[in-house]
Structures are given as structure tokens and as C-alpha cells.
Amino acid sequence: MLRCRVAEDAPVADGVDHALDPRVIPRQRIVGGIVIAVIAAGSLLGLGIGMLAEDDAPGWLLALQPVVWLALVLLGAWHAYTWPARHYRHTSYRVDDQGIEIRTGVFWRVVINVPRSRVQHIDVSQGPLDRRYGLGALVIYTAGTDHAKVDLEGLEHGRALRIRDYLLPLGAGDAV
Amino acid sequence: MPSEQRLHPATLLFDMARHAKRFALPSLLVIVGASQSSSGPGGMFGRMPAGWEAWLLVLFVPAMLTTIARYLSFRLRYDDHELVIRSGLIFRNERHVPFSRIQNVDAVQNVVHRLFGVVEIRVETGGGKEEEARLSVLPRSAFDEMRRHVFGERAPAAMPDTEAEAEAEPTGETLVHLPLRELLLCGFLENKGMVLVGAAYGALWETGILGGAWDRFSGGTELIGRGFFRDLIRAVVDDGPLPVGRIGIALAGVAAFLVLVRVVSMVWALVRLYDFRLTRVREDLRTEYGLFTRVTATVPIRRVQTITVRSGPLHRWLNRATVRVETAGGAGAKSAAHVREWLAPLIRRAGLPRLLQQVLPGFDLAAVAWQPVHPRAFARAVKPPLVITAIVTLGAALTIGWAAIAVFLLMLLWMVLGTRQYVAHLGWAEGDEVVAMRSGWIWQQMTLARVNKIQAVAMHQSPFDRRAAMARVRVDTAGAGEFSHRVDIPYLDHEVARRLAERLSVHAANTAFRW
């Protein structure tokens, strides 16, 4: 697969496969870390209450529970750390004069083609983490059913804006 | 660039009122529930300090904060060709809605709105399940401004031609008409009887009529019921005398029931589809049917997204098929409302090409070059059924022992045969204006999607697909129902799938989508 980084002012509709902004990897790691931390804290609380309530359980069972908990949390943390990079490697997009093509999925792969003439409207959104890394999410809406909403997260914010401006029709004449 | 607009300050009030409404009932229930429970004030919550109810207001704080954040962050702007809406303090979103894509601008003004001189504006485009923008609330003048911006650059004739139709009502050409005989046949083939019998059974059981009848029937005559089944099992297991006469009566009963079901279905067709007539009036197809409730439906041909032709074994034996279309609403109608409408509940195969040509001018059903799926599709498709067979056999072996071998052989035969037929009947075709997909062995379905109605093309590859170098191509159209047959072609060669997806998306990109 061909990938390259383009200068800021290059046209977006170059018909070349582009990777996402690499800063999406640390961003996704932080998101994953937060999720794992919340789950870990919640399950630890549940575990503690359970252990206090069951005082007649055998000792080895009581000892095993925290070990299993720790193993699962470590597994989750490992996944949260490694997954964003794998996902990044398997996500790309291409804009040309026909429309946009998005490839995504590590195991279950999908290539979605949205013709430019079918775009209804577009959102560009930014959460706090996105702002910290200068990223933005492009959300394309079509009149379809399965793909009524097509997301592309982890673009450089300015680039997301340029893609949006390129994909949206310029005047009324375009629609009919 | 024109300046940005904010929401009317009364927004704060309306939003809070909405939250309050949502909170009112649960809060009331909590208060009533707590005060009525056994041990006086507080009740099951233990000893509550007086006036604890006031603390419920704390739950209001997040709602209040989001309301204020929304009010402060919301900005509306009209660019040259689009409406721009910015919102969100923490998670910021900027939505661009091109004027040319806006189907509808509605204003809602209730009594309180009127008091403040404000309106709630709803902007709808074709996409999504709900309106694209709900602007609550803006000053009254903003609505006129919005309409001016959105519809100003369009000719007024862009609105649907409903009024023009109303004045002159030409009688169109009749394409399909079901006489009584076809109607009864349709009911017979559709077999809606089971549903009606099921409903009737439920109703009778609930009212106790059926229970009494059953008791009298089985207890009184001893003909069928427990005694019969016991005899039957004894005959099979212990070499007892086979109750041949009773078996005959039971079989006759089953046959009578099946006939009854079909008769009920025929009555259903007679009532529901009486005098079914499909006519073409200029660019619209009209259907009219019903004995008591006369239904008249209009299907503008340009709104047809997909056509599905379906036929069961009896349909094929009698050279018949059923045709349905799926349409999606446009301007004026409810946005993207999904409508599934009969074109013909029953039609002779010979008349099919002519009917399809009405909807797809120039489409020749006989000339469609059907292509099979990948040659190794069977090897892939048969694996999941084999796994199921293995699991069922294992379960059977644990419960009935060696007889599980019979279960295994029967299931294996059925699964292999079924899969082979399923794969053999999968097919796809690509024409100038349509992409077609057919599937099904016993009940066969064929769906035609118009290329200029394609919204997006997706190619899916599961890990299994990748191992076999295959892929699945799915064509997304507007208004497809949850369970409707769609163009979704599995087991394609990866290269074939890639090229098909590319051709379809290029083709779709070069045609303008119109509702």
C-alpha cells in the first residue's frame, strides 16, 4: 500500500492512500488507559466487597481472585497499549474527485466508498484529547441505511476541515 | 462572512422546562413512594432528615450545566452555500449542511413559544434517522431568514408536484390487476393463514373456549389425545397393534388443518387485496386494493430504491412471482421514511419483464448475465453448518446414545444439500443502471438496486475471507428495511469484489442522487 505525508497546502483530492495522523496512537492509548482504569477500579471495588462478604470461602480461592484480577487488568492494559498502533497500521483513506474511500479493520476489514455526490452533510468534531494532539474526527452523513454515518477519527484537524470543504457540494447546481 | 447567530436567551428556559418535565414523574414517584412506605417519613430509606426531598434538585445540576453549556457554545452561521452549526464546549462539533441538501425546514411554535416570540426550527436532509438540526429556540425572524437562505437560491418549482397532480386526475395505464382467481391463488401461495390461526388460537385459549372444546373432544370420544399417542408409542416400541385407523384419522385432521390454514389465507387475500390494481399515472405508480379498507398508495418511480422479486416453489410451479419495491421519502414526506410497497402480490412470470421495464426503463430481465460466486464458496459456506451438526450430534449422543448416528447422518445430508443449493443459487449481475443479486433455494429472491440510488459501497473481508482470498460487497441504499433482501454479495473473489466495488462507486459518483 502506498502511503506518504503531504505538505500542509497540498490538495486533498490526490487519489493517494493516506495513513491517519500518527498522533492518533498516543491519543487512543490514553483513551484505552482511561477505560481500563475505570473498569479496573470498578471491578476492584466489587472484588473487595465480595471478599469481605464471603468469609467462609477457602483461602486459596480468596488468594486466587486478586491474581486473576491483576492478570486481566494487565491483559487489558497491554491491549490498550498495543491495539492503537495495529489499528493505525490498518486504517487509511483516499480522497479523489469521485469521493472518499476509507479502509479500516484489523481482523474484519472493510473498505467503504462514499461518492462525493451522496454526501448529505459533514461534522468535524474535537474532544479535549483531540485538541491536545491537534486532531479532529470527520463524520460523513449519507442518506443510506448501513452507512448513514461514516466516521474517520484521528485526522489532523486542519486536514479534516479541508477534506470536509472538498467533499461538500459548492453550489445548488451540484445537487440536481 | 456573515456574522454568527446565537440561540435566543429563552432557550435556557425551554431547555430547563424540558428537563423538569422529564424529571417530574420519577421525582414524584420517589416522594410519594418514600412517604407512603411503612415507618412514617423516610420509610425504607431509614430516618431521613425533614425536607430531604429538596435534595432531589441536586440531580438537576448536570442537566442545568449542559443546558448552559449548550446555550453558550451554540453558534449558527450562513455561509454562501451552507448552514454551519457549531456546538459543544468540551467536545466541540462543527456541522456543515449544504443548502442544496436540505429537504425541509419546519418551524414549531406552541403557545409558550408564541408568548416569547420564538420558534423551534427543525432542519432535515435526507440522511440519518432524525432531523439534522434542531434549533431550539430562535427568534421568529430567524425562521424567515433561514427559509430565505435555504430556499432562496432555488427555483420554487423544486418542490414536489403534488398540487399539479391534484387538479387533473388522468386515468393511467393499468399494469397489474388481480381478478378473483388470482387473488385466491395469491392468498393460497402467501400462506398468511398460520398467522391468523395463531392469533385466533391465542384468543380462544385466553377466553377459555378452546380449553372446554378440547376437553370434550379428547375426553369424550377417546379418539385422539393422550390415549392415541400412548398407543402409537407402544406400537412402535413394544410391537403392540398399530392403531391404523386412528393414524388415518389423525393424518386427516392434520391435512384438514393445513387446508383450513390455506383457506383462511385466501380469505385474508380476498379482504386485504381485493381488486388490486397497479396503474401508472405519468411518473407515478399507484396501487389500490382492499375490500373494506381501500388503500391507495402512490409510488413515485424516481423514488424507487430497490425492487425485489420473490417466489416460492409453488410460485415457480405455477409460473408466478411477487414483486415489491422499497422507496425512500423525500421533500415533504417524512425524511428518509422507509416504505415497502407491493407492485404485484402475484404476477405471471411472462409479465415480469414488462412490469420491471416500467420502473427501470430499458431493463431487460432476460438479458441479465448472472454471475456465480467463487467456485470454492461451497467449501467455505458448509463449515458453519458442519460445526452446528457436530454440536447437535454431541448433544444427541449424550441424551439418546447410539441413535445419534441417525441424527448425524440426517443433519449432515440436509446441511450439505442445503448449502450446495444455497451456493448454487447465489448470483449477481451488473448492468448499466442496476446491480442485481439473487439468492435462496426454496424461496428465491432477486433484488435490483438502481445504481443512481447507491449511497455507499462497502467491501467486507472477514479473517476467513482473507484466508480464502474472498470478499463480500454490500451496496447501501436509502430506506432499506431491517429484514429486506438487499444487494449484499458474499463469497466473491477478492479481485472481482474489489473491481466491482470500484466500478459501482465510480458509477454512482457520476450520477446525481435525487429523491
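The values are calculated or read from the model by the stated rules, or taken from the named source; none is laboratory data. Predicted model only: the values in this text are computed from it and were never measured. Cβ: placed from backbone, ideal geometry, glycine included. Neighbour counts: every protein chain shown. Note: areas computed on protein heavy atoms with side chains; ligands, DNA, RNA excluded. Shrake-Rupley method; radii C 1.70, N 1.55, O 1.52, S 1.80 Å.
Within segment A:134-148, restricting attention to residues that are more than 14 Å from the chain's Cα centre (by Cα) and not in a loop (DSSP other than H, G, I, E, B), the residue that is nearest to the other protein chains (Cβ to nearest Cβ) is A:Tyr141. Filtered by the rule that a residue be in contact with a Pro (Cβ under 8 Å, 6 or more places away or on another chain) and open to solvent by 20 Å² or more (accessible area, probe 1.4 Å), segment B:274-299 gives B:Arg282, B:Glu283.
Tell me whether segment B:398-416 contains one or more residues that are assigned by TED's automatic domain parsing to the domain that holds B:Ser505, farther than 18 Å from B:Leu492 by Cβ, in contact (Cβ under 8 Å) with a residue 12 or more places away in the chain and of a type outside the set (Asp, Glu).
We begin by selecting, within segment B:398-416, every residue assigned by TED's automatic domain parsing to the domain that holds B:Ser505; these are none.
Taking every residue of segment B:398-416 in turn, none turns out to be assigned by TED's automatic domain parsing to the domain that holds B:Ser505, farther than 18 Å from B:Leu492 by Cβ, in contact (Cβ under 8 Å) with a residue 12 or more places away in the chain and of a type outside the set (Asp, Glu).
Picking from B:Thr11, B:Thr66, which residue would you name as being modelled with pLDDT of 75 or more and open to solvent by less than 40 Å² (accessible area, probe 1.4 Å)?
Details: B:Thr66 fails: open to solvent by less than 40 Å² (accessible area, probe 1.4 Å).
Exactly one residue qualifies, and that residue is B:Thr11.
Among all residues of segment A:100-107, there is at least one that is farther than 30 Å from B:Phe99 by Cα and part of a strand (DSSP E or B). Is segment A:16-34 home to any residue that is farther than 22 Å from A:Tyr133 by Cα and open to solvent by 90 Å² or more (accessible area, probe 1.4 Å)? There is no residue in segment A:16-34 that is farther than 22 Å from A:Tyr133 by Cα and open to solvent by 90 Å² or more (accessible area, probe 1.4 Å). Going residue by residue through segment B:77-85, is there one that turns out to be at the interface with another protein chain (Cβ under 7 Å from one of its Cβ atoms) and either assigned to a loop (DSSP other than H, G, I, E, B) or at pLDDT 80 or above (or both)? Taking every residue of segment B:77-85 in turn, at least one turns out to be at the interface with another protein chain (Cβ under 7 Å from one of its Cβ atoms) and either assigned to a loop (DSSP other than H, G, I, E, B) or at pLDDT 80 or above (or both).
Check segment A:114-128 and report whether any residue there is open to solvent by 10 Å² or more (accessible area, probe 1.4 Å) and more than 8 Å from every other protein chain (Cβ to nearest Cβ). Please lay out each step first, then the result.
Taking segment A:114-128 first, the residues open to solvent by 10 Å² or more (accessible area, probe 1.4 Å) are A:116-117, A:125-126, A:128.
Now narrow it down to the ones that are more than 8 Å from every other protein chain (Cβ to nearest Cβ): none.
Within segment A:114-128, not a single residue is open to solvent by 10 Å² or more (accessible area, probe 1.4 Å) and more than 8 Å from every other protein chain (Cβ to nearest Cβ).
Residue pairs whose Cβ atoms lie under 7 Å apart, separated by 6 or more positions or on different chains, with the first residue in segment B:1-23 and of a type in the set (D, E, K, R) and the second in a loop (DSSP other than H, G, I, E, B), are B:Arg6/B:Phe74. Residues in segment B:458-510 that are open to solvent by less than 40 Å² (accessible area, probe 1.4 Å), part of a loop (DSSP other than H, G, I, E, B) and not aliphatic (A, V, I, L, M): B:Ser462, B:Gly479, B:Gly481, B:Ser484, B:His485. Just one of the listed residues (B:Ala508, B:Ala497) is facing another protein chain (nearest Cβ under 10 Å) and touching a helix residue (DSSP H, G or I) at 6+ places or on another chain (Cβ under 8 Å), namely B:Ala508. Taken over segment B:92-110, the criterion of being at the interface with chain A (Cβ under 7 Å from one of its Cβ atoms) and either outside any strand (DSSP E or B) or in contact (Cβ under 8 Å) with a residue 24 or more places away in the chain (or both) is satisfied by B:Arg95, B:Val97, B:Phe99, B:Ser100, B:Arg101.
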